[in-house]
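Notes follow once the structure below has been shown.
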Amino acid sequence: MDQLKQSLLEAPIIEKDGYHYFVHPISDGIPMLEPTLLREIVIKIIRKADLENVDKIVTPAAMGIHISTAVSLMTDIPLVVIRKRKYGLEGEVALSQQTGYSENEMYINNVDEGDRVLLLDDVLSTGGTMKAVTEALEYIGAEVVDVCAVIKKVGANELDGTDYQVKTLINVDVVDGEVVIADEHGDG
């Protein structure tokens, strides 16, 4: 059994305003992230994602940073982090992020018209973050070559019915307070 699958089966579940949320090293940094788990995930992303003509990896702060940094190191593709702080730099683009449990303003810097990007994040759940990011990238004029998430929580999400097919490494659900593996190979 691979480490990602096993670690999800062992993940504790908490509830935030009626939203059942699994606590995992990839999505929360709790418990600590073992290098062997991160390495397994990065190798799977590199094998699954379309990286051939990607100029930049784009990831929202905060939990996509460690995954995207590792992918950047392995592929030599530069990394752009979408921040929750406004810097007011030239070309900065604001977006509104809504998840199952929060709403924030986020800001993209260093993505330009014509850039070919891989959007990479830790979890696809409601799709609110990824939808906001894809819309902002379209506004900038960047080409989204591929969209990837490590974990997908099954169910409808805001990218359903769009042109974006998110590749995932594993799909899960939360049933009766436990993580259930819906597809151990993910989407794509």
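Annotations for the structure displayed:
- Among the residues making up the range 13-23, those that are open to solvent by less than 70 Å² (accessible area, probe 1.4 Å) and of a type outside the set (A, V, I, L, M) are Gly18, Tyr19, Tyr21, Phe22.
- When residues of the range 29-38 are limited to those that are on the phi < 0 side of the Ramachandran plot and touching a residue at least 24 places away in the same chain (Cβ under 8 Å), the one least open to solvent (accessible area, probe 1.4 Å): Leu37
- Meets criteria (more than 14 Å from Val58 (Cβ to Cβ) and acidic (Asp, Glu)) for Asp163: yes
One line per residue, one yes/no per condition, for (1) outside any loop (DSSP other than H, G, I, E, B); (2) touching a His at 6+ places or on another chain (Cβ under 6 Å):
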| residue | (1), (2) |
| --- | --- |
| Asn104 | yes, no |
| Asp112 | no, no |
| Leu118 | yes, no |
| Gly155 | no, no |
| Glu158 | no, no |
| Val174 | yes, yes |
| Gly186 | no, no |
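- Lone unmet requirement of (1) open to solvent by less than 30 Å² (accessible area, probe 1.4 Å); (2) under 22 Å from Asn53 (Cβ atoms); (3) of a type outside the set (D, E, K, R) for Tyr139: (1)
- Some residue of the range 69-80 being surrounded by fewer than 18 Cβ atoms within 10 Å (Cβ to Cβ), outside any loop (DSSP other than H, G, I, E, B), among the polar types (S, T, N, Q) and in contact with a strand residue (DSSP E or B) (Cβ under 9 Å, 6 or more places away or on another chain): yes
- Output for the range 159-185, where each listed residue is among the small types (Gly, Ala, Ser) and without any contact (Cβ under 8 Å) to a residue 60 or more places away in the chain: Gly161, Ala182
- When Ile26, Ile46, Ile41 are checked against the criterion of being under 18 Å from Thr168 (Cα atoms), modelled with pLDDT of 95 or more, assigned to a helix (DSSP H, G or I) and open to solvent by 50 Å² or more (accessible area, probe 1.4 Å), a single residue qualifies: Ile46.
Listed here are the residues, each with its yes/no results for (1) without any contact (Cβ under 8 Å) to a residue 60 or more places away in the chain; (2) touching a strand residue (DSSP E or B) at 6+ places or on another chain (Cβ under 7 Å); (3) under 16 Å from Leu79 (Cα atoms).
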| residue | (1), (2), (3) |
| --- | --- |
| Ala94 | yes, yes, no |
| Asp121 | no, yes, yes |
| Ser125 | yes, yes, no |
| Ala132 | yes, yes, no |
| Glu138 | yes, no, no |
| Val144 | yes, yes, yes |
| Lys152 | yes, yes, no |
| Asn157 | yes, yes, no |
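- Set side by side, the residues Val172, Val166, Val150, Val117 differ, and just one is among the β-branched types (Val, Ile, Thr), open to solvent by less than 50 Å² (accessible area, probe 1.4 Å) and closer than 30 Å to Glu90 by Cβ, which is Val117.
The values are calculated or read from the model by the stated rules, or taken from the named source; none is laboratory data. A quick note: this is a predicted structure, and the numbers were derived from the prediction, not measured. Don't worry about glycine lacking a Cβ; one is built from the backbone with ideal geometry, like all the others, and counts go over all protein chains shown. With ligands, DNA and RNA removed, areas are computed over all heavy atoms of the protein, side chains included. Shrake-Rupley method; radii C 1.70, N 1.55, O 1.52, S 1.80 Å.
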